[in-house]
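The structure under discussion appears below in the form of structure tokens.
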Amino acid sequence: MTAVLEHALPHILLVDESSEDLTLIQQSCADSGVPAVFHLAQDGAEALACVSRLSQQGSPPNLIVLDILLPVKDGFQVLQELRRRSDARDIPVLILTGSADMGHVGRSFRMGADLYLYKPVVYDDKRVIAQRMAELLSHQPLAARSSAGVVRSGGGGHPREGDASARRAC
């Protein structure tokens, strides 16, 4: 992918300890026509370092998709630090997690998450992930921050060659 094309695409940081889930999200975007440059992190500390690195390069992520259940630093710790940092406080954060704990939902919104999606073990509809990501990227109005933001989403697959997206480990 050329540098010019990458510059024109949104940069999305995907944070999940599961490489299968990272692939799922990218495939969902490819299948739904949401091209992006994906930066991948598999723990909370790596995610924060990636945001710092991208911000220093002048291209902070346009969106962060964050799991709560992460090694090193959990998603709540990452979200708390992001909302404190001037280089990251305005980046939309979509929580995508296997936790359906309503306490986690409320805590996520109180800490500044923009949306909370539940990824069940048996995925229902992977298009939901890409649709919600596209809404956040386009700054379309979302439902009020409440537990109404909890939806089921999911699917499987692998990004295809020729898709208008790129992947980079952080």
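Residues that are in contact with a strand residue (DSSP E or B) (Cβ under 6 Å, 6 or more places away or on another chain), modelled with pLDDT of 95 or more, surrounded by 16 or more Cβ atoms within 10 Å (Cβ to Cβ) and closer than 21 Å to Asp101 by Cβ: does region 16-30 have at least one? No - not one qualifying residue is present in region 16-30. Out of contact with any Lys or Arg (no Cβ under 9 Å at 6 or more places or on another chain), buried (at least 22 other Cβ atoms within 10 Å of the Cβ) and outside any helix (DSSP H, G or I): does that describe Leu70? Here the answer is yes, as Leu70 does meet what is asked. Scanning region 73-88 for residues that are more than 17 Å from Val15 (Cα to Cα) and either touching a helix residue (DSSP H, G or I) at 6+ places or on another chain (Cβ under 8 Å) or outside any helix (DSSP H, G or I) (or both) turns up Arg85, Ser86, Asp87. Considering only residues of region 1-15 that are surrounded by fewer than 16 Cβ atoms within 10 Å (Cβ to Cβ) and assigned to a loop (DSSP other than H, G, I, E, B), which is modelled with the lowest pLDDT? If we take residues in region 1-15 being surrounded by fewer than 16 Cβ atoms within 10 Å (Cβ to Cβ) and assigned to a loop (DSSP other than H, G, I, E, B), then Met1 is modelled with the lowest pLDDT. Checking Ser59 against (1) within 19 Å of Ala169 (Cα to Cα); (2) touching a strand residue (DSSP E or B) at 6+ places or on another chain (Cβ under 8 Å); (3) surrounded by 15 or more Cβ atoms within 10 Å (Cβ to Cβ), only one condition comes out false. Which one? Looking at each condition in turn, Ser59 falls short on (3).
Within region 31-47, can you find the residues that are under 18 Å from Arg83 (Cβ atoms) and either surrounded by fewer than 21 Cβ atoms within 10 Å (Cβ to Cβ) or among the acidic types (Asp, Glu) (or both)? The one that is under 18 Å from Arg83 (Cβ atoms) and either surrounded by fewer than 21 Cβ atoms within 10 Å (Cβ to Cβ) or among the acidic types (Asp, Glu) (or both): Ala45.
The values are calculated or read from the model by the stated rules, or taken from the named source; none is laboratory data. Keep in mind that this is a model prediction, so the values were computed, not measured. Neighbour counts run over all protein chains shown; Cβ positions are idealised from the backbone, glycine included.
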